[in-house]
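Notes for the one structure printed next.
Laboratory data are not the source of any read-out in this text; all were calculated from the coordinates shown. Keep in mind the model is a prediction, meaning the values are calculated, not measured. Methodologically, a virtual Cβ is constructed for each residue, glycine included, from the backbone with ideal geometry; neighbour enumeration extends over all protein chains shown.
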Amino acid sequence: MRYPVLLAARKNKAILEIPGFIACGQSGEEVCFLKMEELIPLPASSKLFFLPNRHPVAFNTKNNSFEELRDLYPVAAFLPPGYTGLYSASYVEEGRAKTLPLFSYTPVACIGAVYYVPAIRVDSRRIHDMEGVKRKKLQNKILNFKNTRNRLIRHLADCALNNCCPNAVNFFLHKYECPLPVSPDCNARCIGCISYQPEGSPPASQSRLEFIPTPGEIAEIALIHIRGLRNPVVSFGQGCEGEPLLQAEIIGKAIRIIRKKTKRGTIHMNTNASLPEQMRFLCREGLDSIRVSLNSTRGEFYQRYYSPRGYNFSDVISSIIIAKEKGKFVSLNYLVMPGFTDREDEFGALRKLIKKSRLDMIQWRNLNYDPRRYFKRLNICSESPLLGIKMLIKNLRQEFPSLRHGYFNLPKEYFNTPK
Ligand code: SF4
């Protein structure tokens, strides 16, 4: 019988197949077999990680039982944008195991010397595919701005060259979506924030913006990007900043400058949607679409992940409803954690939110946080039935046929086109 063979690593990080052991995944506390129909070949540009002070759990076909392999170490994949993992890697921690860095950890198996992962491709667009980007070409494009006095362009050059931020790279290569970070501060303290991590936590993967750009600096970048580009998107709320709604006034002025010059281009905002009145103001000023980040559609788990300051979960829902009332295209940046997101209790709350808000799209993003620590820190212990990420999306497609599913923001030219 063909089955996905466990892939593990020795102490020296050499990766090897372990015949006789069926590879497994984990959903919260549950160790699950990886089903052949859930596996896809490991996508190009995936990263493979060696997980220190941890040992893989797999199914031993000789004695028909799950087993912890204490002389080996787990191998996990960090999937590229566009793919959503269906399980987390299955392993047991040693007592001295530290919190893993801010990535998602999808199990990897081997079938006929080919690596496979339990994942689905939720978006076929290659917007953040950096595989083919030639560094020399990027450097030359950035040199075109060597005399700029625009601090934000200089910030984006650093993001493109040193943080490999796909949106910053796309600005300089003049394609797809251009980032407009504006806010050094945030009114939340997400445990998985990629631009701010407290002392003693895993390192933040992006350096936080240190200044507030002027409306002129913002508009200059947006207009450079929009000019001559098919279906351009410019977006506030990037990985290297806090919450853009805290700079609503400056953003409003920038939108007015942009819209005085052109009606083209989608003006979008990635946001924690914490401030409904600022959301109402920016919708009036000309925002076209928003994407709201949520780890959960239930206030108690939102609270434990975001630690909101000066706002609460109901404000987030109010902002979503205001944006819909103003005719904006609203997406969820749904941070997926297998074993939490795909349980009936969370799914029930998600369906209620979709019905209530009539939101337009769900972006199924892998939550980049140590899976074991996530369940511990949010004190998650649900007995609710496990549906599986794939089944979740299938059920939503049936119940909400007009709801879109993807991974990347859409240009306004596609808001009303058939899926
Ligand atoms: S809302 Fe964004 S910037 Fe603010 S803490 Fe969360 S991840 Fe970080």
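For the chain, the Stokes-Einstein estimate of translational diffusion at 37 °C and a viscosity of 0.692 mPa s comes to 147 µm²/s, using the Kirkwood hydrodynamic radius over alpha-carbon pairs. Between 0 and 90 degrees, rounded to the nearest ten: what's the tilt of helix 389-399 against the longest Cα principal axis of the chain? It works out to around 50 degrees.
Within region 1-73, which GluC sites (Glu not before Pro) sit in a loop by DSSP and count at most 12 neighbouring Cβ atoms inside 10 Å? Walk me through the intermediate numbers first.
Values: sites: E17, E29, E30, E37, E38, E67, E68; in loops: E29.
Here the GluC sites (Glu not before Pro) that fit, given the DSSP loop and packing criteria, are E29.
Between N144 and T417, what length in nm is gained on full extension when 0.36 nm per residue of separation is reduced by their alpha carbon distance? Each step should come with its number before you reach the end.
On the way: separation 273, 0.36 × 273 = 98.28 nm, distance 3.63 nm.
Answer, rounded to one decimal: 94.7 nm.
What length, rounded to one decimal in nm, is gained on full extension from D185 through to E17, with 0.36 nm per residue of separation minus their alpha-carbon distance?
Values: separation 168, 0.36 × 168 = 60.48 nm, distance 4.64 nm.
Net length gain for the segment: 55.8 nm.
Among beta bridges identified by DSSP and lying wholly in the chain, the antiparallel ones come to about 60 percent. For F66, the amide hydrogen comes within under 5 Å of the amide hydrogens of N60, counting only partners 5 or more places away or on other chains and with H modelled in the peptide plane. What you get for region 135-414, charging only the Cβ of Lys and Arg (+1) and of Asp and Glu (-1), is a dipole of about 1020 debye around the Cα centre. Rounded to the nearest 0.05, the FRET efficiency derived from the C-beta distance between F400 and R70 at R0 = 41 Å is 0.35.
Largest GNM mean-square fluctuation across V316, V133, V31, computed for the chain with C-alpha springs under 10 Å, falls on V133. Between N60, N167, N272, the Gaussian network model of the chain with springs among Cα atoms under 10 angstrom shows the greatest mean-square fluctuation at N60. Extent along the principal axes, Cα only, for region 319-386: 40, 23, 16 Å, with the longest axis given first. Rounded to the nearest angstrom and listed largest first, the equivalent-ellipsoid semi-axes of region 5-121 from its Cα gyration tensor are 19, 17, 13. From largest to smallest, the equivalent ellipsoid semi-axes obtained for region 133-288 from the alpha-carbon gyration tensor read 23, 22, 12 Å.
Using Cα springs under 10 Å in a Gaussian network model of the chain, which residue among G242, G112, G327 shows the largest mean-square fluctuation? Maximum fluctuation in the GNM of the chain, among the listed residues, is at G112.
Taking Cα atoms only, the orientation of helix 215-226 departs from the longest principal axis of the chain by about 70 degrees. Please report how far the C-alpha centroid of region 165-188 lies from that of region 233-303, rounded to the nearest whole angstrom. What the calculation gives is 13 Å, centre to centre. Peptides 190-202, 287-299, 369-381 ranked from most to least packed by the mean count of surrounding Cβ atoms within 10 Å: 287-299, 369-381, 190-202.
For R291, the residues whose amide H sits under 5 Å from its own are M269, N270, T271, S331, ignoring neighbours fewer than 5 places away on the same chain, with H placed 1.01 Å from N.
For the chain, the longest principal axis of the C-alpha atoms and the axis of helix 344-357 are separated by about 20°. At a Cβ-Cβ separation cutoff of 4.7 angstrom, cysteine residues of the chain with no neighbouring cysteine are C24, C32, C110, C164, C178, C186, C240, C283, C381.
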